[in-house]
Amino acid sequence: MSVSPNTQAILLLTAHFAKARKDAVKPLTPKEWGRFALWLKEKSLTPEQLMNGRLGELLNGWSDKTVTLERIEGLMDRGSALALAMEIWLRAGRWEMTRSDPDYPIRLKQRLRTDSPAVLFGCGNRALLNGGGLAVVGSRNATEQDLAYSRDLGALAAGNGYSIVSGGARGVDEAAMLGALEAEGTVIGVLANNLLRACSSARYRKYLMANNLVLISTFYPEAGFNAGNAMQRNKYIYCLSDAAMVVHSGEKGGTWNGAFENIRKQWTPLWVKRSSDPKAGNAAIVRAGALWAPDSVDEIDFASLFSVAPIVEEAGEDLFSRAANEVNEGSIGHAYGQTEESVSTSETAIETGSKQDMDTETDDADAGQPEQSRVNSRPTDDLDFYDLFLIKVASLCSDVPKKPDELVEALNLNKTQLNAWLKHAVSEEKLKKLTRPVRYQWVTTRQSDLPL
């Protein structure tokens, strides 16, 4: 397989070809390459033109603090190293694609824009990269219960026609991938290290040959394990998928950081398996905006799994801690201009406008309790952040309409998240949008509109 001059130039500018020496010129990061590629496009230049020399002339007018002319010259002067590396890679059946290739994953471009990786190294069925799927992530040292859940989830995804997207690491990642492959499903593996070894391993060879598997990496194919690389590849797992599942997370590390980055960036809806491990960070991820997954794989409905929009970007602690206190103090009815006795439970409206059951069913032992008692006994952790937003905005906007800036200050939310929730509340007729100037008035007092 030949490599175009354009791809060769991009490789020279953005890729490592061996373990980096301390004195080596550092390849451009995705962000740096994004800036430089945009400038080249504006000047009607292509990367392959840089291989013909005359860099000083071609790059006249280019100025950047980190991407200097000297650095570009040093990177382009690595032709021999590139040739040796490519001979090894191509012999192993490995390929590469750049952002200019027509089959480059569209989800990466849409979600990461200029931060999408300049080059993807890979082997296997590259067409799978644009098919989306379910991302399954979790700890390396998972329990047998979590591994069984992951394997069954992979098989279930295969049976429903969805690919599994994962990181190929020992534990949850590997279990989910093999569960799907053994059920004749398809898998996208986003590796942080040893792509060359994985492409030639007996574990994956038959699935690669059957076109059921694609393995990719943004790091050179012989790269060893590096914690930073493992952290960095998390975003690609989420961005290549259409929904994601955290099976088990600690309170730090790659799974933890990746989940919170996905919530913050709102790339894809995130579900979390419940865990009995007291050291697990699963509940904290749900409090930040993810959703609890069914306890049994057999209860998972893939249509629902993929239909929920991302819930929330990380928001100010003040709003949620204050609202949680109001729930526990029984003041929700007053926030809506009602008495405590009139408050009842209801289904919660999630951000997409669809309905999500928020555990409002009661046990037989609760059947004789007064309605308000059952409301106050509901765990605050079960509340969606959008519910808590409604609780506060009802009290703020019931008497006097509030401007967006006033709500930003009062709720300690960022403006992007506030606008998304305001728009949704208006569509549900909970808020009325006034103009000249823009203000919001709380308009609903129906019991069925309450988030509890």
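The values are calculated or read from the model by the stated rules, or taken from the named source; none is laboratory data. Every value quoted in this text rests on a predicted model; they were computed, and no experiment measured them. Cβ: placed from backbone, ideal geometry, glycine included. Neighbour counts: every protein chain shown. Protein only, heavy atoms only, side chains kept; ligands, DNA and RNA dropped before computing areas. Shrake-Rupley method; radii C 1.70, N 1.55, O 1.52, S 1.80 Å.
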Tabulated pairs, the range 206-226, first on the phi > 0 side of the Ramachandran plot, second of a type in the set (S, T, N, Q), C-beta under 7 angstrom, 6+ apart or interchain
211/125
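Residue by residue, here is whether (1) touching a Phe, Trp or Tyr at 6+ places or on another chain (Cβ under 7 Å); (2) among the hydrophobic types (A, V, I, L, M, F, W, C); (3) outside any strand (DSSP E or B); (4) closer than 22 Å to residue 284 by Cβ holds:
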{"residue": "179", "(1), (2), (3), (4)": "no, no, yes, no"}
{"residue": "214", "(1), (2), (3), (4)": "no, yes, no, no"}
{"residue": "234", "(1), (2), (3), (4)": "no, no, yes, yes"}
{"residue": "241", "(1), (2), (3), (4)": "no, no, yes, yes"}
{"residue": "250", "(1), (2), (3), (4)": "yes, no, yes, yes"}
{"residue": "262", "(1), (2), (3), (4)": "yes, no, yes, yes"}
{"residue": "267", "(1), (2), (3), (4)": "yes, yes, yes, yes"}
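For (1) over 26 Å from residue 261 (Cβ atoms); (2) assigned to a loop (DSSP other than H, G, I, E, B), each residue gets a yes or a no:
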| position | (1), (2) |
| --- | --- |
| 22 | yes, yes |
| 34 | no, no |
| 38 | no, no |
| 48 | yes, no |
| 81 | yes, no |
| 85 | yes, no |
| 97 | no, no |
| 113 | no, no |
| 121 | no, no |
List the pairs whose first member sits in the range 62-79 and is more than 21 Å from residue 44 (Cα to Cα), whose second member is of a type in the set (Phe, Trp, Tyr), and whose Cβ atoms are under 8 Å apart, counting only residues at least 6 apart or on separate chains?
78/17
Kindly indicate whether any position in the range 403-410 is modelled with pLDDT under 85 and loosely packed, with under 15 Cβ neighbours inside 10 Å.
yes
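Could you tell me which residue of the range 415-432 is nearest to residue 387 (Cα to Cα), considering only residues that are exposed (fewer than 14 other Cβ atoms within 10 Å of the Cβ) and either in contact with a helix residue (DSSP H, G or I) (Cβ under 8 Å, 6 or more places away or on another chain) or at pLDDT 90 or above (or both)? Before you say what the answer is, go through the steps one by one.
Quick first cut of the range 415-432, residues exposed (fewer than 14 other Cβ atoms within 10 Å of the Cβ) only: 415-416, 423, 427-429.
From what is left, the residues that are either in contact with a helix residue (DSSP H, G or I) (Cβ under 8 Å, 6 or more places away or on another chain) or at pLDDT 90 or above (or both) are 415, 428.
Values: 415: 18, 428: 13 Å.
My answer is 428.
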Within the range 218-237, which residues are closer than 15 Å to residue 172 by Cα and at pLDDT 95 or above?
237
Going through the range 261-295 one residue at a time, which ones are of a type outside the set (S, T, N, Q) and open to solvent by 30 Å² or more (accessible area, probe 1.4 Å)?
261, 264, 265, 274, 277, 278, 279, 283, 287, 292, 294, 295
State which residue is nearest to residue 301 (Cα to Cα) when the search covers only the range 216-232 and only residues that are among the hydrophobic types (A, V, I, L, M, F, W, C) and either in a loop (DSSP other than H, G, I, E, B) or open to solvent by less than 20 Å² (accessible area, probe 1.4 Å) (or both).
216
